[in-house]
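Colleague: Dumping the structure here so I can ask a few things about it.
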Amino acid sequence: MVKIAIDAMGGDHGPEVCLDGADKALERQPDIEFLLYGQEAACRPVLDRYPRLKARSEFRHCDVAVRMDEKPSQALRRGRNTSSMWKAIEAVKLKEADCAVSAGNTGALMAMSKFCLRTMADVQRPAIAGIWPTKRGESIVLDIGATIGADSQQLLDFALMGGAMARALFEVRRPTVGLLNVGVEEIKGQEEVKEAGRLLRESGLDTIDYYGFVEGDDIGKGTVDVVVTEGFTGNIALKAAEGTARQIADYLRESIMRSWMAKIGYILAKSAFDRVREKMDPRKVNGGVFLGLNGIVIKSHGGTDGEGYAAAIKVGYEMVRNGLFEKIEADLKKYHNLVVPVSETDEEPATGTI
């Protein structure tokens, strides 16, 4: 069984969406059990509508719900030890749950996750990794908004963590990794990115295949399995892609409604339009993974519906099933052992005097 802790108060719609999504996830992954955290008066009436979910869940009341507009520091002060968000994360720390899922305030979720779970050894910064639909299938992009800026070592850590996630999610033995840059030539880009490229080329790791620099259009092409960048650039790329998808959908809708001939054409090509709509549906790839922490935390989009929330739960389920945490830990340890090998004199401290 995979046990998942749910922050039932998170997101724009709270328990209505979270519990609906949990019920849908349970239908598709029947070996899940849930720990549900939320305010009883808000959650109980909704939970009663889902007898299957109720039978496979344990509900725990929490007094505090973190607001979507709260600053991370404020949410941490007000919600530490008492909020549904904190309790869901703490369940992972206490080994009561295998992962936590929340659609709540991203900044608050990251702050609480770092404070409660702490970062893994040798990881300077956590990252949020997102699943990106491409022409070849799906790719992983990180960081998409955990922190702004990153030096070369942090970008290398992102590459290792993203590679481990690709192995867990896509079951690829040696995923390809590219650094997002303004050009593919080695002389282009910021010094941190160029230095990260050098470190990756010289890393000698057999767990990832470093492709080189990739550009913005390579993300949609699916040129590599993992695209690495810092959070400022990654978040802009994500929002730009989401906005472009909505823009294209609006253009198509306006064009179809413009004339009777266009409407007839839509009816004749409806199956093709349906396939395009399914590929561009953001709910299908909902769920950002917080990487670099001592536990698995999944961030769902705050405005999603039950279908999208179920997809975020599925991401957490697959990360647990495929040993994401263990893969990241092993890759980081392997790299740092290659960079700083343990010598015989390091293993046994010297004694005596000079």
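Colleague: From the gyration tensor of the Cα coordinates in the chain, what semi-axes in whole Å does the equivalent ellipsoid have, largest first, with each one equal to sqrt(5λ)?
Modeller: Three semi-axes, in Å: 35, 30, 17.
Colleague: Between GLU307 and THR119, what is 0.36 nm times their sequence separation minus the Cα-Cα distance? Round to one decimal in nm.
Modeller: 64.6 nm
Colleague: Expressed in nm to one decimal, what extension gain is obtained for the pair HIS61 and ASP217 from 0.36 nm per residue of sequence separation less their Cα-Cα distance?
Modeller: Contour length minus the Cα-Cα distance gives 51.5 nm.
Colleague: Would the range 163-230 count as rounded, prolate or oblate if I go by the C-alpha gyration tensor, calling it rounded below 1.5 in a/c and otherwise prolate when a/b exceeds b/c, oblate otherwise?
Modeller: Details: a/c = 2.40, a/b = 1.36, b/c = 1.77.
Oblate, since a/c reaches 1.5 and b/c is not below a/b.
Colleague: Still on this structure, please answer the following. Determine, from the Cβ-Cβ distance of ASN337 and LYS95 and an R0 of 30 Å, the FRET efficiency 1/(1 + (r/R0)^6), rounded to the nearest 0.05. Don't jump to the answer; show the numbers that get you there.
Modeller: Numbers: r = 27 Å, r/R0 = 0.90.
FRET efficiency, ASN337 to LYS95: 0.65.
Colleague: What accessible area, in Å² to the nearest ten, does a 1.4 Å probe give for SER203?
Modeller: 20 Å²
Colleague: Take ALA269 and ILE248, extend 7 Å from each Cα along the Cα→Cβ direction, and tell me the distance between the two endpoints in nm.
Modeller: So the label points at ALA269 and ILE248 sit 1.3 nm apart.
Colleague: Sticking with the crude label model, points 7 Å out along Cα→Cβ, report the distance from GLU27 to ARG44 in nm, one decimal please.
Modeller: Going from the GLU27 label point to the ARG44 one covers 2.7 nm.
Colleague: Give me D for the range 1-103 in µm² s⁻¹, whole number, from Stokes-Einstein with Rh from the Kirkwood sum over alpha-carbon pairs, 20 °C and 1.002 mPa s.
Modeller: On the way: Rh = 13.4 Å.
In µm²/s, the coefficient is 159.
Colleague: Which aspartates and glutamates, on any chain, are close to LYS188 with Cα under 12 Å apart, when same-chain ones fewer than 8 places away are left out?
Modeller: Cross-link targets: GLU215.
Colleague: Of the beta bridges DSSP finds with both residues in the chain, what % are antiparallel, to the nearest 5?
Modeller: Rounded to the nearest five, the antiparallel share is 30 percent.
Colleague: Another question about this same structure. Can you tell me which lysines have their Cα less than 23 Å from the Cα of LYS3? Leave out same-chain residues fewer than eight positions away.
Modeller: Once the sequence-local lysines are set aside, what remains near LYS3 is LYS24, LYS54, LYS87, LYS93, LYS95, LYS114, LYS284, LYS299, LYS314, LYS327.
Colleague: Looking at the chain as a GNM with Cα springs under 10 Å, which of SER57, SER255, SER139 has the largest mean-square fluctuation?
Modeller: Residue with maximal mean-square fluctuation among SER57, SER255, SER139: SER255.
Colleague: Can you send over the solvent-accessible area of ASP305, 1.4 Å probe, protein chains only, in Å² to the nearest 10?
Modeller: Here the residue's solvent-accessible area equals roughly 60 Å².
Colleague: Given H placed 1.01 Å from N in the peptide plane, which residues other than close sequence neighbours of ASP98 have an amide H under 5 Å from its amide H?
Modeller: Residues meeting the amide H criterion: LYS3, ILE4, ALA5.
Colleague: If you don't mind, there's one more thing I want to ask. List, in order, the whole-Hz ³J(HN,Hα) value for each residue of the range 324-331 obtained from phi through the Karplus relation with A = 6.51, B = -1.76, C = 1.60 and θ = phi - 60°; use x for Gly and Pro.
Modeller: So the J values, rounded to whole Hz, are 4, 4, 5, 5, 4, 4, 5, 5.
Colleague: When ligands, DNA and RNA are left out and all protein chains stay put, how many square angstrom of accessible area per residue does the chain have with a 1.4 Å probe?
Modeller: Accessible area per residue: 49 Å².
Colleague: Once every DSSP H run of n ≥ 4 in the chain is given -39500 (n - 2.57) and the sum is divided by its residues, what mean residue ellipticity at 222 nm do you get, rounded to the nearest 500 deg cm²/dmol?
Modeller: Taking each H run of at least 4 residues, the total per residue is -15000 deg cm²/dmol.
Colleague: For a quick check of your reading of the filter: which GluC sites (Glu not before Pro) in the range 167-196 sit in a DSSP loop and have no more than 10 other Cβ atoms within 10 Å?
Modeller: Those satisfying the criteria are GLU171, GLU185.
The values are calculated or read from the model by the stated rules, or taken from the named source; none is laboratory data. Because the structure is predicted, anything quoted here is derived from the model rather than measured. Positions of Cβ are generated from backbone atoms using ideal geometry, with glycine treated the same way; all protein chains shown enter the neighbour counts. To get the accessible areas, we keep the full protein, side chains included, count just its heavy atoms, and leave off ligands, DNA and RNA. Shrake-Rupley method; radii C 1.70, N 1.55, O 1.52, S 1.80 Å.
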